[in-house]
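Data block below; observations after.
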Amino acid sequence: MTLVPLSTLLRHAHKNGYAIPAFNISFQEQAQAILDAATETQSPVIIQLSTGGLKHASTWMVDGLIQHIKKSPLPICLHRDHCHSLDDFQAALELGFSSIMMDGSLTADGKPNAFEENVRITQQALDMAKSYPASVEGELGCLGSLITGLSGEEDGTQAADILSLEQLLTDPSEARDFVAQANVDALAIAIGTSHGAYKFSAPPTESVLNIQRVSMIAEAIPNTPLVLHGSSSVPQDLLTTINQHGGAIDPTFGVPVAAIQKAIQHGVAKVNIDTDLRLAATAAVRQHLNEHPEEMDPRKYLSASRAAMKEICISRYQAFRAAGQAPFIQKTQHDPFTTEVS
Ligand SMILES: O=C(CO)COP(=O)(O)O
Ligand SMILES: O=C[C@H](O)COP(=O)(O)O
Ligand SMILES: [Zn+2]
Ligand SMILES: [Zn+2]
């Protein structure tokens, strides 16, 4: 297959009622773990880099990854996560990303953006992307806790003040207006998730993770695949392993896989996961080094981290029913980009 725009993958996922986990990377073992897991499960792939991830990985890793992806038998989208400016957006287009998030929900300094300003900047991004084979993801609503109103840290920006429920929950009628003016290939929504490990102090209930809201939004914009950010599940066994081997992660809970599966039934087609791979890698490295104090070869503990991350990837491909879908996303002569035939 090859490098494909996000729209090609999400059209198929949205139509067939499954979702694709979008894994963030910032170092090569993450990319290897994702690609190994996708090959083993024959899943479509979304690999994504945030601003912080791109800075750590560097552009030459992206160049190499694009060359590799173009020769892959799998349909793979390379997505630039959370662009907060049109300059970042343009740079991502020129780097060759096949999908880019124009994140207009927050201003560059982390304040909630006005609806009209979000529409305007997203329209400009859509315009810029027209002459590139790239899809555009937009965002409406701010990530953050429905209990404290605190918005999660997002790519280095912390929203300046406590947000209201209206700001923390995407409004279905606003979503309809947004898509009517800025017809993005996918829309990230806010339902109480937030980035990072510290999402919930107890397993979340509907009052703090509003899955019902997903179906209301999907009803308002039935043709737009929905995206959940901040959707790591924070596996408790990984926290235990980290803390047993010298770590100090406070008790915390993520988004239960079962809750994500419910959201997928209502129209979520892309599920962003960064923290779970970080936790898997950290647990594996801490355990390896603690059990092998003589170890001095990074290849050994980095391989352990890769194996642990691959396990998480396989489990999410299976849980979101992306496993086995790759062969159904084929190239056709009607469309310069790949598109599904079934
Ligand atoms: O939303 C994310 C990337 O855009 C990642 O969220 P997590 O921190 O929950 O993994
Ligand atoms: O924004 C979502 C990603 O998890 C980015 O996290 P980061 O800013 O730590 O790279
Ligand atoms: Zn955002
Ligand atoms: Zn995100």
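The values are calculated or read from the model by the stated rules, or taken from the named source; none is laboratory data. Predicted model, so just to flag it, every value in this text is computed and none were measured. Glycine also receives a Cβ, built like all others from the backbone with ideal geometry; neighbour counts cover every protein chain displayed.
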task: Keeping to the range 27-46, report how many residues are in contact with a Leu (Cβ under 7 Å, 6 or more places away or on another chain) and either outside any helix (DSSP H, G or I) or touching a residue at least 60 places away in the same chain (Cβ under 8 Å) (or both).
output: 6
query: Ile121: farther than 30 Å from Gln42 by Cβ and either part of a strand (DSSP E or B) or in contact with a Leu (Cβ under 8 Å, 6 or more places away or on another chain) (or both), yes or no?
result: yes
- request: Starting from residues that are over 16 Å from Ser98 (Cα atoms) and free of Cβ contacts under 8 Å to residues at least 12 places away in the same chain, keep the ones in the range 56-75 and report whichever is farthest from ligand 2 (Cβ to nearest atom).
  value: Trp60
message: Take the residues in the range 286-342 that are among the β-branched types (Val, Ile, Thr) and either on the phi > 0 side of the Ramachandran plot or surrounded by fewer than 17 Cβ atoms within 10 Å (Cβ to Cβ) (or both); name whichever of them is modelled with the highest pLDDT.
response: Thr332
message: Every residue in the range 270-284 that is away from ligand 2 (no atom under 16 Å from the Cβ) and either surrounded by fewer than 20 Cβ atoms within 10 Å (Cβ to Cβ) or not hydrophobic (A, V, I, L, M, F, W, C) (or both), please.
response: none
- prompt: What number of residues within the range 47-60 satisfy the criterion of being touching a strand residue (DSSP E or B) at 6+ places or on another chain (Cβ under 6 Å) and part of a loop (DSSP other than H, G, I, E, B)?
  reply: 1
query: Quick one: which of Asp276, Asp177 is acidic (Asp, Glu) and within 16 Å of ligand 1 (Cβ to nearest atom)?
result: Asp276
task: Inspect all residues belonging to the range 4-18 and state whether any of them is free of Cβ contacts under 8 Å to residues at least 60 places away in the same chain and not in a helix (DSSP H, G or I).
output: no
Given (1) farther than 20 Å from Val268 by Cα; (2) within 16 Å of ligand 4 (Cβ to nearest atom), number of the condition Ser72 does not satisfy: (2)
